[in-house]
1. Which peptide among 131-143, 267-279 comes first, and what is the full order, when sorted by highest mean count of other Cβ atoms within 10 Å?
2. Give the share of C-alpha pairs in each 5 angstrom bin for the range 1-103, from 0 to the last occupied bin, in whole percents, shortest bins first.
3. Please report Rg over Rh for the range 253-305, where both radii come from the alpha carbon positions and Rh follows the Kirkwood definition.
4. Report the Cα centroid-to-centroid distance between the range 235-257 and the range 20-97 in angstrom, as an integer.
5. For the range 2-312, state the semi-axes of the equivalent ellipsoid (square roots of 5 times the eigenvalues of the alpha-carbon gyration tensor), sorted largest first and rounded to whole angstrom.
6. So what is the relative contact order for the chain, in percent, with contacts set as C-alpha pairs under 8 Å and at least six apart?
7. Assuming R0 = 35 Å, what is the FRET efficiency of residue 145 and residue 35, from their Cβ-Cβ distance, to the nearest 0.05?
8. Given contacts defined as C-alpha pairs under 8 Å and at least six residues apart, what's the relative contact order of the range 115-273, whole-number percent?
């Protein structure tokens, strides 16, 4: 059990179920949504989509992940984000700078961990592109450590999302992705101030399912903090099976986006609402039930002490 500060612990509690498991509804997507639907080039249209999804699905999640550019403040102002749900806000700019084999991230210009704290976020989420053998690996580690230190300063939980990439023109093979995802977890969760790992499934989709338990077990052993598995736009049926394998190996839940709501991107009006209220809602409900039953509570990792004079040095 690792000690955790009161603010960070409260943030994790707010984002989790009473049992300590996570079903985070992910809606911080920006550029990939604009590419998928040209109407979303307009900020108002993209914001409207995100607020509709939030309004229809947030009740079936334990927390919601939004971006500060078109959805976080807007969802609060419009009353679409339920007050009893955890609220995670992204801090990174979409995309990356640098070469494709040496990717670099940055904070959204004009945005900060301190502002996320002030607006009432339960946690912040940082996405970093990372390959342990990339010439940019050390810079990505330093960038992560910088944001983690800010989160420590403001006593705000940090959900870290590393995304792997290839160092050649070819995509990562299944075994290479396994190595990269596991080694990434080992290195980046060792950074002080990282509280929750939002991890890729540690194998590519074409790999045999018989390899899944061992790969997930490796990821679980490598991570020094609780981890949740992201959906990466795979089909719902595939993701459902991945979630079972991950939770059985020790994952504390999920952060799910497009696997639940991706068809709604190309729907409009009542058709979009009907899809969200039926298919998407049923998907998220099933996933939430799985996490509640199978996921490992984050409280297995953390403890906190509160002596009666704690506030004097807080």
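Coordinate-derived values only; no laboratory data. A quick note: this is a predicted structure, and the numbers were derived from the prediction, not measured. For neighbour counting, all protein chains shown are included, and Cβ atoms are generated from backbone atoms with ideal geometry for every residue, glycine included.
1. Order by mean packing, descending: 131-143, 267-279.
2. Final binned percentages: 2, 12, 19, 20, 17, 12, 9, 6, 2, 0.
3. Values: Rg = 15.4 Å, Rh = 12.9 Å.
Answer for the range 253-305: 1.19.
4. 21
5. 25, 24, 21
6. Computed value for the chain: 21 percent relative contact order.
7. In this case the efficiency is close to 0.65.
8. 19
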